[in-house]
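J.: Sharing a structure here in structure tokens format.
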Ligand SMILES: [Mg+2]
């Protein structure tokens, strides 16, 4: 007949064994769940969160935007008949030049506000326009009323005049051409940087224009490339938007 002390010792051993078994089970389930979560993490998310090289590409890109007929269209008051849809947002800007005051009605391309707020989260945004600063500055102020979207502005005096065209040397905005794109409706503007260009159709008044929205998937993808030219140089020069 076993003694009482032997019974107590056996019970303790069984209890300890049970405890160890439960701890082992807990650790096993924890490791398994960690492995499962790691396998389920999307590739893009993993790249942006954990890959320092991808993060480096993501953070350093500059997007240079043209102004007229790319983001807005302006009409000098009193010069032409105005048939632009009242659904399009507009403002009036007074420009003083040579002691003369000129009024312009400036119209926003559809979706421009959403476009600018979205891309400013992805890129350093720069405006490069062939217009004079006296006109363009207040237009940019109107587009970026909180001064949170546009990092820098370049005007006509920063363009190169060649054969009557204003060419844009985007290296003044970003010297490393692997990290900069130019969106412009005028092919002459990107003559010096064809492989960095994203052509856009000229916008005048179409209230159903979706070109800015259509650009967002491309811009979203380009910020993760090591060199934007590796993608943009593949485009068909006749195809825009
Ligand atoms: Mg233009």
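J.: Can you confirm whether residue 183 is in contact with a helix residue (DSSP H, G or I) (Cβ under 8 Å, 6 or more places away or on another chain) and not in a helix (DSSP H, G or I)?
T.: yes
J.: Hey, can you tell me all the residues within the stretch 180-204 that are away from the ligand (no atom under 15 Å from the Cβ) and either touching a strand residue (DSSP E or B) at 6+ places or on another chain (Cβ under 7 Å) or free of Cβ contacts under 8 Å to residues at least 12 places away in the same chain (or both)?
T.: Once the filter is applied, which keeps residues that are away from the ligand (no atom under 15 Å from the Cβ) and either touching a strand residue (DSSP E or B) at 6+ places or on another chain (Cβ under 7 Å) or free of Cβ contacts under 8 Å to residues at least 12 places away in the same chain (or both), the stretch 180-204 yields 180, 181, 192, 193, 196.
J.: Of all residues being over 16 Å from the mean Cα position of the chain (by Cα) and not in a loop (DSSP other than H, G, I, E, B) in the stretch 186-211, which is surrounded by the most Cβ atoms within 10 Å (Cβ to Cβ)? Just the residue, please.
T.: That would be 189.
J.: Considering only the stretch 126-149, state which residues are touching a helix residue (DSSP H, G or I) at 6+ places or on another chain (Cβ under 9 Å) and away from the ligand (no atom under 16 Å from the Cβ).
T.: If the condition is that a residue be touching a helix residue (DSSP H, G or I) at 6+ places or on another chain (Cβ under 9 Å) and away from the ligand (no atom under 16 Å from the Cβ), then 144, 147, 148, 149 are the ones that fit.
J.: Could I ask something else about it? Considering the stretch 105-115 alone, what residues qualify as being farther than 11 Å from residue 89 by Cβ and crowded, with 19+ Cβ neighbours inside 10 Å?
T.: Hit for the stretch 105-115 is 115, nothing else.
J.: From the set of residues in the stretch 50-76 that are away from the ligand (no atom under 16 Å from the Cβ) and assigned to a loop (DSSP other than H, G, I, E, B), which is modelled with the highest pLDDT?
T.: 61
J.: Considering only residues that are in a strand (DSSP E or B) and farther than 17 Å from residue 133 by Cβ, which ones fall in the stretch 93-111?
T.: 103, 105, 107, 108
The values are calculated or read from the model by the stated rules, or taken from the named source; none is laboratory data. Computed from a prediction, not measured in an experiment: that's the story for all the values here. All Cβ positions, even for glycine, are placed from backbone atoms using ideal geometry, and neighbour counts span all protein chains on display.
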